[in-house]
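Rule-based calculations on the coordinates, nothing more; no lab input. Please read all numbers here as calculations on a predicted model, not as lab measurements. We place every Cβ from the backbone using ideal geometry, glycine too, and count neighbours over all the protein chains shown.
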Amino acid sequence: MTENLCPVGVDFHCHLDLYPDHKAAIARAEASRIYTLSVTTTPRAWPRNHELTRDTHYVRAALGLHPQLVAERSDELSLWERYLPEARYVGEVGLDAGPRFYKSLESQRHVFRTVLEKCAEAAGKILSVHSVRSVPAVLDMIERYLPRDRGVVVLHWFTGSKSEARRAAALGCYFSVNAEMVRSDRGCGLVADLPMDRILTETDGPFTKINGRPAEPSNMNVTIDLIARVRNVPSHEIAKTVQVNLQALLC
Ligand code: MN
């Protein structure tokens, strides 16, 4: 992912394996030259994702165990651990304390703690982390179980407060921002306030839509333009900053 081929964008959280044709979705991301982190929701998906991204130039796969699936799949944690040595990127992982998933929160905490501890042990991993209605708990756990010199967290679709964002930045976290985040005044305020050197972009496709269709890495210019508008700087500056930030994250 560090090749100097003048990339046109970054999609640091996209579920390419959830599009109707996984292989074609990877091919489209490659063709559009968007550095794409293709996150997974269960470790069972890892072998196929890993295989399909072995020789890709712009697309990388991440090993995940989604907090919304922990209720049914916490027994796959050992599988996640088994695959970890093969993965530089980890995600989607984290906590979800929303009403639908609150019941499994204790189990989610156990899984996320293990994920952070194993990543700390292995060192050098980059994590894409979900933190719905659980930002303080997620940050507490990162602080406690993943020391800054042992791994880097990218907070995906962050919806915490400005002060929580500052705390996250102080812990070394990055933020992957998607188009949905700047649809509300509160979201715009947050995105305008994020430290410039920690901003990345994402689609979280296919869960977000552009013109009524599932967003794809190739739609990244829409996100760039929205961030540029919110921060009142030219789009090309945001695009450049995101590239520089990605390089910094990977080095
Ligand atoms: Mn996601």
Task: Nearest-0.05 FRET efficiency for residue 100 and residue 221, computed from C-beta distance (R0 35 Å) - done: 0.60
TODO: Have a look at 100, 60, 33 and tell me which one the Gaussian network model of the chain (Cα, springs below 10 Å) gives the largest fluctuation.
DONE: 100
Task: Under the Karplus curve 6.51 cos²θ - 1.76 cosθ + 1.60, θ = phi - 60°, whole-Hz ³J(HN,Hα) for the stretch 125-135, x wherever Gly or Pro sits - done: 7, 10, 10, 9, 10, 9, 9, 5, 6, 8, 4
TODO: Give a residue-ordered list of calculated ³J(HN,Hα) values for the stretch 143-156 (Karplus: 6.51 cos²θ - 1.76 cosθ + 1.60, θ = phi - 60°; whole Hz; x for Gly, Pro).
DONE: 4, 7, 10, 10, x, 3, 8, 10, x, 10, 10, 10, 7, 8
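Only bridges whose two residues both fall in the chain count here: according to DSSP, what percent of them are antiparallel, nearest 5?
Of those bridges, close to 5 percent are antiparallel.
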TODO: Fewest Cβ neighbours within 10 Å first, please rank 181, 141, 220 accordingly.
DONE: 141, 181, 220
Open item on the list: Explain nothing, just compute: Karplus ³J(HN,Hα) = 6.51 cos²θ - 1.76 cosθ + 1.60, θ = phi - 60°, for every residue of the stretch 204-218 in order, whole Hz, x for Gly and Pro.
Closed with: 6, x, x, 7, 10, 10, 10, 6, x, 10, x, 5, 10, x, 5
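May I ask you to derive the relative contact order of the chain, considering only C-alpha pairs under 8 Å and at least 6 residues apart, and to give it as an integer percent?
19
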- [ ] Would you pull out the residues with amide H under 5 Å of residue 215's amide H, same chain only if 5 or more places away, H placed 1.01 Å from N?
- [x] 208, 209, 210
- [ ] List every residue whose amide H lies under 5 Å from the amide H of residue 64, counting only residues 5 or more places away in sequence or on a different chain, with H placed 1.01 Å from N in the peptide plane.
- [x] 40, 42, 91, 92
- [ ] May I ask for the Rg/Rh ratio of the stretch 9-250, computed from Cα atoms with Rh as the Kirkwood radius, given to two decimals?
- [x] 0.93
- [ ] Once you've got the GNM for the chain with C-alpha springs shorter than 10 Å, pick whichever of 211, 219, 178 has the biggest mean-square fluctuation.
- [x] 211
Open item on the list: Just to be sure I understand the model, the point goes 7 Å from the Cα along the line to the Cβ. What's the resulting residue 163 to residue 51 distance in nm?
Closed with: 5.1
Task: Cross-link reach list, lysines versus residue 209, counting only Cα pairs under 21 Å and skipping chain neighbours closer than eight places - done: 23
TODO: Sum -39500 (n - 2.57) across every DSSP H segment of at least 4 residues in the chain, then divide by the residue count to get the 222 nm mean residue ellipticity, nearest 500.
DONE: -12000 deg cm²/dmol
TODO: May I ask for the distance between the Cα centers of the stretch 21-44 and the stretch 179-251, given as a whole number of Å?
DONE: 18
Open item on the list: Which of 185, 17, 225 ends up with the largest GNM mean-square fluctuation for the chain, with Cα atoms connected below 10 Å?
Closed with: 185
